[in-house]
1. Could you pull out the pairs from Lys634/Lys686; Lys129/Lys197; Lys551/Lys733; Lys654/Lys741; Lys642/Lys733 whose alpha carbons sit more than 19 Å apart here?
2. Do the alpha carbons of any pairs in Lys276/Lys309; Lys89/Lys382; Lys225/Lys276 sit beyond 22 Å of each other, and which pairs?
3. Could you check how much of the accessible area of the range 531-676 is carbon and sulfur, as a whole percent, using a 1.4 Å probe?
4. Solvent-accessible area per residue for the range 658-776 at a 1.4 Å probe radius, Å²?
5. Just reorder Trp334, Trp466 by solvent-accessible area, largest first, 1.4 Å probe, all chains present.
6. Quick one: order Leu611, Leu314 from most to least accessible surface, probe 1.4 Å.
7. Distance from the Cα centre of the range 479-513 to that of the range 525-553, in angstrom?
8. Mind grabbing the base-10 log of I(q)/I(0) for the range 546-687 at q = 0.09, 0.14, 0.15, 0.17 Å⁻¹? Debye formula, identical points on the C-alpha positions, no solvent, two decimal places.
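The values are calculated or read from the model by the stated rules, or taken from the named source; none is laboratory data. These figures come from a predicted structure and were not determined experimentally. Here the Cβ is made from the backbone with ideal geometry for all residues, glycine too, and neighbour counts use every protein chain on show. Side chains are part of the model used for accessible areas, which takes the heavy atoms of the whole protein and leaves out ligands, DNA and RNA. Shrake-Rupley method; radii C 1.70, N 1.55, O 1.52, S 1.80 Å.
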Amino acid sequence: MEQISVTTAPGQFSGQQLLVRNSGGQIFRVTIPAGVPPGGKFLIQLPSSQRRAGTTQAAAAAVHDVCISRQSILARTVTEMVQETSSEKLWQQLVDISLLGLHCDCADLFLMMPDNDGHPMESQLRHYKAPSGHHNTTSPENLSSLPSLVKSVFLTGMTVNTARDDCEFQTDDGTVSQLCMAMRTEAGQVCAALLAKKQKPSPMRDQFDRSDEDFMTMLLAIVQKKMAADNYWSFKATRNKCKFKSWLALVDTYLNVTTYEDDVQKFIASLLLRGKDVFECGRIALYAVDWPNNQLIGYELKGSEELVKRSSPLRSLKGVVAQTGNMINVDDAWTDSRYDRDRDLEEDYRTRSLLIAPLTSRDRVVAVLECANKLMGRTFSKGDEQELSTLGTLFADLIERILLPYNFANVIARQDHVDEDLKDMLKGYFGSETSPVTPASLAKPPRLCRSKTMEVQCLVQSLLQWDFDHWSWETKDAGVYATYLSACVETLSLAEGLDFSFTDSLQAIKNLQARYSTAAYHNWDHAFSVFHLTFVMLQDACSDLLEPHDKLALLLAALGHDVEHQGFNNQFLINSRDALAVRYNDRSVLENHHASVTISCLESLLAHASLDESVRFRRVIVASILGTDMANHKQTVEWLTKPPVQMRELQSQKTLLEAEISLELCSAVLHSADLAHPTLPWSIHKKLSIHCAEEFFMQYNQEQKLGLPSLPFMGKDPADLVALAPSQVGFIKFVVLPMWKTIAFTFDGDVFEEAVNTVGENLDRWQQISQTAESQ
C-alpha cells in the first residue's frame, strides 16, 4: 500500500468522487471524506503497483494533487507530447488522459492505420483502451465489427453525445452516458474515433456535457497536430513541425494566462502573434461583441508587433458572424457586398482571403477572431476552419472564465477614454463593486438559469420600468431582443429542467420576427411591447402564482400573439371571405392563425421539452393568444372581477394556482398587456394611437373599395387628433380603464395603481382635445 495526499479543488465538497492514480499509473475512484472543505487535504491508502508497459510519463506520474484542473491536464499533455517519439505511447496517452480529464469509467480509441500513401485504412484498425483490462476485446478487424455508435462516428464524422442527442445507441453493460468524437487527418479524412463511457451513476455528474465535448475536441486537436508534424499520415513534415510548434505556443498562451494578469493587451498581443503563425495570415484581429452599443471592440495585429485598437459596427461582415454564430470564409473579401472597403482604401491595403470565426462559449458568441490574407496567395482551407473553431472554443472559455476577471476589468478601470456610462454598465459583474467587466456580450453567462449577473440585472431593471421605451431603438437586431428574453427567463428561473440556451432564444426571436408584417400598429414593436408589459406583470404580481414553464410559455405567446397580422381585423377577413376565415370557421380567425404560426416558430425550442411539457406549452400559448380576441373582452373582465380564487391572498402565501385557473390567468394577463398602450406615457400612447388609426383608415378605404360593411370611426384621418379624440375617449373610458381598475383591485401590485393613474391622465388629454373640437 502507498499513502497519497489529495488536495480538493474549489467547488468540490465531501461526498463527491475523484479519480486518483497511484505511482504505477493505475486509476482509482475515491470519495472525499466528510468534513473536508473545498481546497482542503486528506490522505488515502492505495495499492502499490508497477508501472505498466505502454503507459506514458504523463499518465503514470504520481498524482498527489488529484483534482487537477483540465487546464493543467492539457499543460502536462502538451509538455509530454513534445518529447514523445513513440506513436504507440502517444495513442495510449490519449486514452489515459481522456479517462482522467473526462471523469469517465472507461475510454477507447479506435484508430485506422495509414497505408503507404498516408490514407487511413478501414481494414487495419487498432484499439487502445483505459484503464487497462476494463473489458476483454481484441482489435476489431474492420469497420463493420465496431460498436454501432463508433461506426456511426467513423462514417459521418459527427460527434455523438447520448446525453444530448436523440439516438438509439444503447448498451447492455449498464452504461449511462457515452461521448464519441472523430479525429481527422489534415486532409479531412476520419482516421480515429475516441469513445468515453460512464457506466454507473456518479455523485459528480452522470452525463457528459458541453464542457466534456470541448475538452475532448482540444485533446484530439493536439494529438492530430502532433501526428501531422511527425509525418504520420505522409504530409509535408517540415511545414507541419513549424505549425505544430506555433500551435503549441498558442495553447501555451492559454495555459499560462495568469502571467498576463496586469496587462490584457500583452495577452491579446501574444494570442494574435501566435495565431498569426498558426493560420499563416497577413493580419489577425480579435473583437469583443458589445451588444448595448451595437458594435465590436478589440485589437488588430499589424506586422509582427503593432497592436491597433479597432471598433466596427455590427452591420459589418464581422458583425454578421457575431450575430449568426456562423463562420465566414471568403476567397476575395472585395467581392462580398457585406465587406467594407473603406478601411482598406484608407490604409492602402488590399484584403483578399478572409476567415472570420465566432468564439463561442456554451452557445454564446463572446468574441470574433478575424484572419486576413493567407500567405503565398493561398486561401483559407477547411483545415483552417477546423483549427480556428477548435481554438475559438478554447479561448472563448478563457475570455469568459479566466481572463476577464483579472485583466479586462483593470484595463477598463484605468482607461480615461472609456465612456463613463459604459463603465457603469460593466460594473460589478464579477461580484466586486469596484471592478468593471467586459461588454455585455462577453459578461453574460451563455446558459440560462445561472446566477444573475450584473448585465442581467441591468437589463431586467430597465425592462421592469413600465414606460420602457424600445420604440426609439434604431436597431431591430434579433440578438438584442434575444438578450432581453434570456434575461427575463434567467430572472424568473423559467427554464429549469429545459436545455434552453441563448441560441434557442435567438432562434425563437428570429423565427417570429421574420413573420411579422410592416403593418402600422400590429408589428414587431407591438409584439415586444406586449412581451415587456407581460414580463412586468409576471414579475410584479403573478410570479408566485404560475408554474415557471407556464410563465415561459406566456412570454413566448406575447412575442407571437400578432404574428403575420396584416393590419385587417377579424370582421374584415370574414366579410371578404378570406382563406383564414374559411379555415377557422369565422371564429377568432386571426388569433387562431397567430397561435398556429407561433407554435410552428417555436418547434426547435419545444424539441427540448418532454411530451407532457410540450403539450402544456402548447395549451398555454394557444389559450393565451386566443384570449386576445376582443370578442372575449367582456368574459375576461368578468373573470378578473370575480376570479375563482382570492388572488391577493394566494399572492401573499406564494401559492401556485391549479392548472386550469393558470390557463385563465395567462389569457387575462396577455389580453391586458395587449390593451396596455393607454397605460403608457402620453408621448408613446399618442404615437401608438395614431398608428392604430392608420390601420383602421387603411381597412376602411379597402372596405369602401370592395363594397364591404364599414364602421365610420375607422374612416377618421389619422393625422387629425381632433377627429380621433372622441373615439379614443370612448375606448379608454369604457374598455381600457374598467379593465385596469379591475386588475388593480384583484391583484396586489404598485405597478397597477400607477398604470390606472396614467390611463386617467391620458383620458384627460383626449377629453381636452375633444372639448377643443366641440368649442370650435
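1. Lys634/Lys686; Lys551/Lys733; Lys654/Lys741; Lys642/Lys733
2. Cα-Cα > 22 Å for Lys89/Lys382; rest within.
3. So the carbon and sulfur contribution to the accessible surface is 49 percent.
4. Result: 46 Å² of accessible area for each residue.
5. So, going from the largest accessible area down, we get Trp334, Trp466.
6. Leu611, Leu314
7. 13
8. The Debye formula, applied to the Cα set alone, gives -0.31, -0.74, -0.84, -1.03.
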